[in-house]
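Written out below as structure tokens is the structure these notes cover.
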Amino acid sequence: MLGNLFTIMATDYRTESMNDTMPAHKLVFDDTDRSADQQETADRNIGFLLNDAARQMRINYDRRMRDLGLTRSQWWVLNHLYFNEGLSQTSLSEILEIERATLGRLLDRLEAKGWIERRSVESDRRVKLVFLSGAVDPLLQTMRALAADLRAEALAGVTIEEQERLISTLTKIKTNLSTMADARNTSMKDGQNG
């Protein structure tokens with residue numbers, strides 16, 4: 001159940017068919033009626049489920065965007081700008097986890113289509129902020145409608161209450177992971193300064 005608290009404990013194990021070490025995760029529930037030693041399966045592994053659900057959403061959205069003539073890279077950037085307009089190119093490359101040069105070439109193509117604008121910051125002309133242009137609005141409306149259709153199909157049979165609980169749980173997981181990353185970054189900076 002989504003309301004259960006869980007932790008992911010990473011371990012290493014060797015498979016009989018492979019010689020290399022592979023990560024494994026084990027769910028531990030705070031429920032007394034569930035065994036912490038419960039046999040792990042892919043359909044019970046939270047990391048696998050999150051990744052696979054996101055992968056399936058991307059694949060399905062990819063198909064819909066392909067019909068509009070968009071590559072995954074293009075729709076990924078446009079969607080991120082839809083929710084985070086005015087990001088610097090550096091911030092956008094970090095969020096998208098792609099190299100700045102690769103993003104720069106992609107933004108060049110989107111700018112050539114008239115879909116985005118890059119604006120310099122007065123205090124530092126080297127910094128470019130990325131904005132959507134008005135010319136992309138009809139395309140974005142179609143993209144958002146197709147995304148809403150996909151979400152509706154993906155959530156078929158899931159009640160509004162279950163959706164709200166899912167969003168709440170995923171938000172907590174995201175916050176926990178962000179806090180862990182922030183703590184690690186702080187620790188690494190402190191180690192470099194110390």
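For the reader, a short list of remarks on this structure follows.
- Residues in region 160-173 carry Karplus couplings, in order, of 4, 4, 5, 5, 5, 5, 4, 4, 4, 5, 5, 5, 5, 4 Hz; the curve used is 6.51 cos²θ - 1.76 cosθ + 1.60 with θ = phi - 60°, and Gly or Pro positions show x.
- Using alpha carbons only: equivalent-ellipsoid semi-axes of region 42-194, gyration tensor based, whole Å: 29, 26, 13
- Couplings 3J(HN,Hα) of region 136-141, computed from phi: 8, 3, x, 5, 4, 4 Hz, in residue order, whole Hz [Karplus 6.51 cos²θ - 1.76 cosθ + 1.60, θ = phi - 60°; x for Gly and Pro].
- Volume per residue that the Cα convex hull of region 71-141 spans, once the total is divided by residue count, Å³: 84 Å³
Bear in mind that the values in this text are calculations on the coordinates, not laboratory data. Since we're looking at a predicted model, the values are computed, not measured.
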